[in-house]
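Participant: First, the structure itself, so that you have it in front of you.
No lab work stands behind these numbers, since they all come straight from the coordinates. It should be emphasised that the depicted structure is a prediction, and the values quoted were computed from it without experimental measurement. Because the Cβ atoms are built from the backbone with ideal geometry, glycine has one as well, and the counts that use them run over all protein chains shown.
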Amino acid sequence: MIYILYNPMAGNNQGYQKASELKNIYKDQETTFLDITEVQDYDSLFDEKIKEGDSVVIAGGDGTLNRFINNTESISYTCPILYYPVGSGNDFSRDVDQEKPFPVNQYIENLPIVEVKGKKYRFINGVGYGIDGYCCEVGDSLRGKSEKPINYTAIAIKGLLFHYKPTKATITVDGVEHTYEKVWLAPTMHGRFYGGGMIPTHSQKREDNSKLSVMVMYGKGKIKTLMVFPPIFKGEHVKHKDMVEVLSGRTIKVEFDKPTALQIDGETILGVTSYTATVA
């Protein structure tokens with residue numbers, strides 16, 4: 001049996017339609033589709049329904065993967081877990097770059113942990129603070145009002161120019177403290193990609209579980225920051241050393257001088273003043 005856990009809201013509410021493509025891929029095998037947003041008891045799912053020889057396919061985006069890894073933290077996977085990307089960003093799939101669907105057991109074990117507002121979460125791509133958190137906050141609001149696709153690029157440009165206010169941040173990496181003014185971005189990364197193809201920390205490799213990397217974009221005004229932003233999709237923003245710095249370590253704590261939105265693999269948490277990310 002192939003159990004397909006799909007997210008109907010993935011890919012701008014096209015999750016089920018795109019996941020249905022798996023019927024052709026597994027046309028010679030029995031399949032069961034389960035809406036992952038309605039799964040309440042993962043222990044029962046893995047202990048009682050899923051048998052030896054079965055497989056599980058996660059069909060969704062990065063947020064769907066985040067939901068799965070955090071809801072199954074206490075479960076030891078005894079069956080193959082595969083991933084079929086049907087989200088809008090698909091940064092995990094972009095990083096791993098394998099034929100879909102592909103096995104992910106090796107990637108969803110020993111994941112880094114981020115602590116936010118007293119709660120711990122595992123993450124698979126990265127933790128974003130700054131304009132990216134703002135974009136997720138606005139995107140969530142728009143999604144609740146309309147079924148139209150969310151244009152995050154437009155949100156980012158408008159936010160940077162007119163709405164988002166940069167903050168002061170203190171970033172502590174393995175006990176060494178760094179302070180920055182006018183911080184626009186400060187994501188901590190486990191993989192290379194986030195935000196639909198951005199490469200904030202180009203040398204970070206998810207296969208290396210010994211470190212995480214944080215990128216800080218800071219110190220400049222709106223126009224200069226907007227000019228430097230596009231090269232982040234090629235990882236070339238790091239050439240601007242007067243306003244971009246990358247730090248790596250086992251434990252990264254980021255503190256802000258005012259509450260702001262944070263995103264973990266695209267999932268938003270509001271009113272955050274600090275986060276601490278640690279390797280497994």
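Participant: With θ taken as phi - 60° and the coefficients 6.51, -1.76 and 1.60, list the Karplus ³J(HN,Hα) couplings across region 26-36 in order, rounded to whole Hz; mark glycine and proline as x.
Facilitator: Rounded to whole hertz, the list is 10, 5, 9, 10, 7, 10, 10, 9, 10, 6, 5.
Participant: Further question on the same structure: Using Cα atoms only, what is the angle between the long axis of helix 62-71 and the major principal axis of the chain, expressed in degrees (0 to 90) to the nearest 10?
Facilitator: It works out to around 70 degrees.
Participant: To the nearest 10 degrees, how steeply does helix 131-143 sit against the main Cα axis of the chain, on a 0 to 90 scale?
Facilitator: 50 degrees
Participant: Run the paramagnetic zone check for Gln106: 7 angstrom along Cα to Cβ, then residues of region 25-65 with backbone nitrogen under 20 Å.
Facilitator: 55-58
Participant: I'd like the Karplus ³J(HN,Hα) series for region 155-165: coefficients 6.51, -1.76, 1.60, θ = phi - 60°, whole numbers in Hz, and an x wherever there's a Gly or Pro.
Facilitator: Per-residue couplings from phi come out as 4, 5, 5, 5, x, 5, 7, 10, 10, 6, 10 Hz.
Participant: Would you mind counting up the charge near Thr170? Only other residues with Cβ under 12 Å from its Cβ, with Lys and Arg at +1 and Asp and Glu at -1.
Facilitator: On the way: positive: Lys168, Lys253; negative: Glu177, Glu181, Glu255, Asp257.
Once positives and negatives cancel, what remains is -2.
Participant: What whole number of Å gives the distance from the Cα centroid of region 77-112 to the Cα centroid of region 171-212?
Facilitator: 21 Å
Participant: A further question follows. For Ala154 and Lys239 in one chain, what is 0.36 nm times their gap in residues minus the Cα-Cα distance, to one decimal in nm? The partial results should precede the final answer.
Facilitator: Working: separation 85, 0.36 × 85 = 30.60 nm, distance 2.46 nm.
Extra length from Ala154 to Lys239 when fully extended: 28.1 nm.
Participant: Between Leu142 and Asp47, take the C-beta separation as r, use R0 = 45 Å, and let me know the FRET efficiency to the nearest 0.05. Working shown, then result.
Facilitator: Numbers: r = 39 Å, r/R0 = 0.87.
The pair Leu142/Asp47 has a calculated efficiency of 0.70.
Participant: Which is farthest toward the positive dipole end of region 141-204 among His190, Gly159, Thr170, measuring Cα position about the Cα centre, with Cβ charges +1 (Lys, Arg) and -1 (Asp, Glu)?
Facilitator: Positive-most Cα among the choices belongs to Gly159.
Participant: A follow-up question, please. Please work out how much length the chain gains when fully extended from Ile113 to Asn209, using 0.36 nm per residue of separation minus the C-alpha to C-alpha distance, in nm with one decimal. Walk me through the numbers on the way to the answer.
Facilitator: On the way: separation 96, 0.36 × 96 = 34.56 nm, distance 1.16 nm.
Computed gain between Ile113 and Asn209 is 33.4 nm.
Participant: With an 8 Å cut-off on Cα pairs and a minimum separation of 6 or more residues, tell me the relative contact order of the chain in percent. Intermediate results must be reported in sequence, preceding the final value.
Facilitator: Working: 574 pairs, mean separation 52.5, N = 280.
With pairs under 8 Å counted, the relative contact order is 19 percent.
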